[in-house]
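The values are calculated or read from the model by the stated rules, or taken from the named source; none is laboratory data. On a predicted model such as this, the values are computed, not experimentally measured, just so you know. Note: ideal-geometry Cβ built from the backbone for every residue, glycine included; neighbour counts use all protein chains shown.
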Amino acid sequence: MYGTSEPPSSWLPATPRIPHHKTLLEYARLCRQTLAEFGQAHRAGDAATFQDWQFRRDKPQRAAILAALDGIPQLANARQRLLACGSKVHLYKHLPSGLHVIRRWRCGERWCPCCARAQLRRQRTYILSKIPTPQRGLSFLTLTHRAHPGESIGTAFSRIHKAFRKLRLAPFWKQAVLGGVAVTEVTYNAEEHWYNAHVHCVLDTTWMDLTDLQAAWTAIHGEWSNLHLEACADNNRISHYLSKYLAKPLPPEIYADPDRLRSAILSYRGRHTLAFFGGWHGLALTKQADAESKRQLDAAQIDPKEWCWVGELNTLVQEATQGDPQAQATLLAAGFGAVQLSLVQVSHPSPQRAPPRQLYLCPAA
């Protein structure tokens, strides 16, 4: 949903994509800052390519995920996409203003650390835009069940989902709760080697009696299980509350164990950690709705006649380090900064021999 089915080798969009919540100037400033940080890392020798810079904070996690996916034949395509994430970055110039922006190839995979953060921002923005004005008042509810030693992550996930479904069928729940959104989180106890599942909810509800709620939740499990109910006085807290759990698709403690990580990835296939229920059930972000919003966004904000493709960023950097003056000028204008020249200088053909760099130059105004 957040990536593209087109392989990076042939991916060349005609125009960039401007986020709906930013103006062109704001997005151009953000791209310039990104290019400046990449340029600084490149000059320091910390990032040879944009992909190195993109995963600079996620190298151990990405390596663990790639190693785990390597043992799952049915996810071989997902592994290849994750390997290529960020490998293609195209630079564009807005002809009327002269501003430069970038558009990178994203894998869109659930397990990609970079794409997961992008998906989190989209989900958070979408949820806040779609949550209706509460009719009864918003409350935070966290439900937990007792961990069972030896239980797999998939079993723990399914068990709390079934219990939460039964709770929503209780008469007092139907009477009090109009609707809500829930995020499922599974934590891992590395010392005891067991999984503990939680459901974090935002509810449009009257204040429920904690005694009845606790009794119903315990009766569903057949054993004591914890819960926490809190009134939400500030609607701005919704974003922070949900983001904490949307940002953690898997327990971070299991990344050090390839077999356990591989089992968790397989267990999460086809499972949704975000769900709307009750009167909010129809607010879920579907692939069709997301694709339609992208088409409307492109049609509304992007005029292909105003944009010029400048070139592929990594190619420009490579040519600039080899002494190409036009590539150096292009990167300097885009905000990348000066490049560290390579010790091996490559001679460039004369203009009469149609140099390759003409492929990425904008036409003269």
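For this structure, a couple of remarks:
- When residues of region 256-284 are limited to those that are polar (S, T, N, Q) and assigned to a helix (DSSP H, G or I), the one farthest from S158 (Cα to Cα): S263
- Taken residue by residue, region 131-140 has no member that is in a helix (DSSP H, G or I), without any contact (Cβ under 8 Å) to a residue 40 or more places away in the chain, surrounded by fewer than 17 Cβ atoms within 10 Å (Cβ to Cβ) and not acidic (D, E).
- Filter pass, Q80 being surrounded by fewer than 21 Cβ atoms within 10 Å (Cβ to Cβ), within 28 Å of V317 (Cβ to Cβ), polar (S, T, N, Q) and out of contact with any Gly (no Cβ under 7 Å at 6 or more places or on another chain): yes
- Subset of region 152-182 (residues that are more than 16 Å from L250 (Cα to Cα), in contact with a helix residue (DSSP H, G or I) (Cβ under 8 Å, 6 or more places away or on another chain) and touching a residue at least 12 places away in the same chain (Cβ under 8 Å)): A163, K166, L167, R168, A170, F172, W173, V177, G179, V181, A182
- Total residues in region 303-317 satisfying the condition of being out of contact with any strand residue (DSSP E or B) (no Cβ under 8 Å at 6 or more places or on another chain) and hydrophobic (A, V, I, L, M, F, W, C): the figure is 1.
- Where strands (runs of 3 or more DSSP E) fall wholly inside region 174-247, the ranges with 1 or more residues that are within 24 Å of R122 (Cα to Cα) are 177-189, 194-205.
- Restricting region 106-153 to residues that are modelled with pLDDT of 80 or more and among the aromatic types (F, W, Y), the residue that is nearest to the chain's Cα centre (by Cα): W111
- Condition check for Q51: within 26 Å of Y255 (Cα to Cα), assigned by TED's automatic domain parsing to the domain that holds R110 and either among the aromatic types (F, W, Y) or touching a Ser or Thr at 6+ places or on another chain (Cβ under 7 Å) (or both): yes
- Subset of region 220-276 that is of a type in the set (G, A, S) and free of Cβ contacts under 8 Å to residues at least 12 places away in the same chain - its residue that is surrounded by the fewest Cβ atoms within 10 Å (Cβ to Cβ): G270
- Residues that are of a type outside the set (G, A, S) and in contact with a Cys (Cβ under 8 Å, 6 or more places away or on another chain), drawn from region 78-93: R81, L82, C85, Y92, K93
- Taking each residue of region 183-198 that is free of Cβ contacts under 8 Å to residues at least 60 places away in the same chain and looking for partners that are among the small types (G, A, S) with beta-carbon atoms closer than 6 Å, six or more apart or interchain, yields W194/A147; Y195/A156; N196/A147; A197/A156.
- The set of residues in region 9-53 being closer than 16 Å to K93 by Cα, under 21 Å from the mean Cα position of the chain (by Cα), surrounded by 14 or more Cβ atoms within 10 Å (Cβ to Cβ) and among the polar types (S, T, N, Q) consists of T34 alone.
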